Amino acid sequence: LRSPFHGGHLEVIVGPMFSGKSEELIRRVTRSLIARQNVLVFKPALDDRYHASAVASHAGRSVEALAVRNVADIRAHLSGEDRLLGAEAGSGKPPLPDVVGIDEVQFFDAEVVTLALELADAGVRVILAGLDLDFRAEPFGPMPQLLARAESVEKLTAICTVCGAPATRSQRLIGGQPARYDDPVVLVGARESYEARCRVHHTVLE
Ligand code: ADP
């Protein structure tokens, strides 16, 4: 129920798309809620809005989460400077939650490493879930720093859609074809999809 670590610490959950990272984050957060701990979950907002939302797994389970534009939004929420999620105006600085979860943590910049360490040092159980590798199978943004500094790392696998072996990579497809190394991360109007693949069946075109 409680983590084996005393006091604040950092737990990181990684793997390719469809490996169950969100499911595992939801599982841990749900157990903390059952233990009546104070929990806050964040995720990056895909649009430019800061809003109440949820972390949902591909299999359909979910927990409440706040969609944020950046790490500064997380800090503003933790320090009570915003008035989202029903915080009372003038209620002062709220205590830190027992648990802070962040999903899709690979999309935040290096500031998220600083924040995670500050929270862990301040006694918070920090649970981060994200892609360790991008579609090129190269380390994704802040993940190497987070993985190196975490007390606990869980590396999950999905199932390769080609051969059924454990999948460690995310295959990016554009119009059904493997993406090129230099294809922009955001493609406007393209028919894009992702599949879990093993090392053998993961392709990045030159
Ligand atoms: P992630 O957050 O890592 O993308 P989710 O927790 O959202 O993963 O979803 C994991 C679920 O996705 C699995 O439990 C399974 O039901 C489903 N799924 C769909 N495709 C695959 C696949 N290729 N390999 C494994 N699970 C898959």
For Arg61 and Asp82 in one chain, what is 0.36 nm times their gap in residues minus the Cα-Cα distance, to one decimal in nm? 4.8 nm
Provide the percentage of antiparallel DSSP beta bridges, counting only those with both residues in the chain; round to the nearest 5. 45
At R0 = 25 Å, FRET efficiency that the Cβ-Cβ distance of Glu138 and Arg191 yields, to 0.05: 0.55
Filtered hits (aspartates and glutamates, Cα-Cα < 17 Å from Lys43, offset >= 8 within chain) -> Glu11, Glu23, Glu24, Glu64, Asp73, Asp82, Asp103, Glu104, Asp109, Glu111, Asp132
Which one of Phe107, Ser57, Leu205 is farthest out on the positive end of the charge dipole of the chain, using unit charges on Cβ (Lys, Arg +1; Asp, Glu -1) and the Cα centre as origin? Ser57
Between Gly141, Gly60, Gly101, find the one with the highest GNM mean-square fluctuation for the chain; connect C-alpha pairs within less than 10 Å. Gly60
Provide, as a two-decimal number, the C-alpha radius of gyration of the chain over 2.2 N^0.38 Å, N being how many residues it has. 1.06
About the Cα centre, and with charges only on the beta carbon of Lys, Arg (+1) and Asp, Glu (-1), how big is the dipole of the stretch 157-206? Nearest 20 debye, please. 160
Assigning unit charges at the beta carbon (Lys, Arg +1; Asp, Glu -1) and nothing else, what dipole magnitude in debye, to the nearest 20, does the stretch 9-156 show about its Cα centre? 400
Residues whose modelled amide H sits under 5 Å from the amide H of Ile159, counting only those 5 or more places away in sequence or on another chain, are Ala167
Restricting to DSSP H runs of at least four residues, report the calculated mean residue ellipticity at 222 nm for the chain, -39500 (n - 2.57) per run over all residues, nearest 500 deg cm²/dmol. -5500 deg cm²/dmol
Report the charge-dipole magnitude of the stretch 1-42 in Debye, nearest 20, computed about the Cα centre from +1 at each Lys and Arg Cβ and -1 at each Asp and Glu Cβ. 160
Build a GNM of the chain with springs between Cα atoms under 10 Å: which of Ala45, Ala122, Ala167 gets the top mean-square fluctuation? Ala122
Classified through the alpha carbon gyration tensor (a ≥ b ≥ c as square roots of its eigenvalues; rounded if a/c is under 1.5, else prolate when a/b is larger than b/c, else oblate), the stretch 10-55 comes out oblate
For the stretch 157-206, give the share of DSSP beta bridges that are antiparallel, in percent and rounded to the nearest 5; count only bridges with both residues there. 90
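Where a number appears in this text, it was derived from the coordinates with a stated rule and is not lab data. As the structure is a computational prediction, the values presented were derived from the model and not from experiment. With ideal geometry, Cβ positions are generated from the backbone for all residues, glycine too; neighbour counts draw on all protein chains shown.
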